Amino acid sequence: MYSSIFSLVATLFVVSLVSATAIRTGVAHDSTITYNARLCNGSRPCASIAKGLQRTLGTFDMDGSQDRVLLRFQLPVDSRTIVSCTLNVPVPISAPVGHYTLSISATDNNWAEDTVSGISKSRNGTDVGSVVIFNSQQLPRSVLVTSACQRFAENNTLSMFVTSDGKQVSFNSLESGSPDIFSLDVSY
């Protein structure tokens, strides 16, 4: 009888060590970044306009112009302890009819939400995941980005671009006050 109880306690102890704990963390900073050579507001390059404090985020890639969503997360645990990391993509405010693809890439943390622009932020990033979304299924989506959380976080801070495959997609930003914003599920 004692051996059975000991085996049960030992098994529960091992299972508790193996199971991961998950934490959801909302985006800490976000912005839309414009990359193009066009002029806005008279003679000002569109790429120089900071959009970090707007209520919406947008992404598209057409005719030499590209808007990307830029996200920054403060990871709730040391990146070396992360077992799994999932980017939660909220339901968009507007999206194209049919289907579209969102691609996720990790990038550096060298930006400030209130001043970042296509002039100050490099387009460089490392692809870490993507998701195809069909218009008839406008539901929140998840993209596994474990490699980004494990390999690209700097001081437990992670920045990522979200880019569409050409079609305009808009989301609520952190400044919108909506609970339906980008978030990460981090398991450790």
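The values are calculated or read from the model by the stated rules, or taken from the named source; none is laboratory data. Computed from a predicted model, the values in this text were never measured in an experiment. Note: ideal-geometry Cβ built from the backbone for every residue, glycine included; neighbour counts use all protein chains shown.
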(request) Have a look at Arg44, Arg38, Arg55 and point out the one that is modelled with pLDDT of 90 or more, surrounded by 10 or more Cβ atoms within 10 Å (Cβ to Cβ) and over 22 Å from Ala106 (Cα atoms). (result) Arg55
(request) Go through Asp114, Asp63 for me and flag whichever is more than 23 Å from Ile181 (Cβ to Cβ) and among the acidic types (Asp, Glu). (result) Asp63
(request) Output the residues belonging to the range 121-141 that are over 12 Å from Ser105 (Cα atoms), surrounded by fewer than 16 Cβ atoms within 10 Å (Cβ to Cβ) and modelled with pLDDT of 95 or more. (result) none
(request) Output yes when any residue across the range 149-157 is part of a strand (DSSP E or B) and either within 20 Å of Pro90 (Cβ to Cβ) or of a type outside the set (A, V, I, L, M, F, W, C) (or both), and no when none is. (result) yes
(request) Return only the number of the condition from (1) crowded, with 20+ Cβ neighbours inside 10 Å; (2) free of Cβ contacts under 8 Å to residues at least 60 places away in the same chain; (3) among the hydroxyl-bearing types (Ser, Thr, Tyr) that Ser147 does not satisfy. (result) (1)
(request) Identify all residues within the range 167-178 that are under 15 Å from the mean Cα position of the chain (by Cα) and part of a loop (DSSP other than H, G, I, E, B); write none if there are none. (result) Ser173
(request) Would you tally the residues in the range 87-101 being surrounded by fewer than 18 Cβ atoms within 10 Å (Cβ to Cβ) and part of a loop (DSSP other than H, G, I, E, B)? (result) 5
(request) Scan the range 153-179 residue by residue and report those that are out of contact with any Gly (no Cβ under 9 Å at 6 or more places or on another chain) and either among the aromatic types (Phe, Trp, Tyr) or over 23 Å from Gly52 (Cβ atoms) (or both). (result) Asp165, Gly166
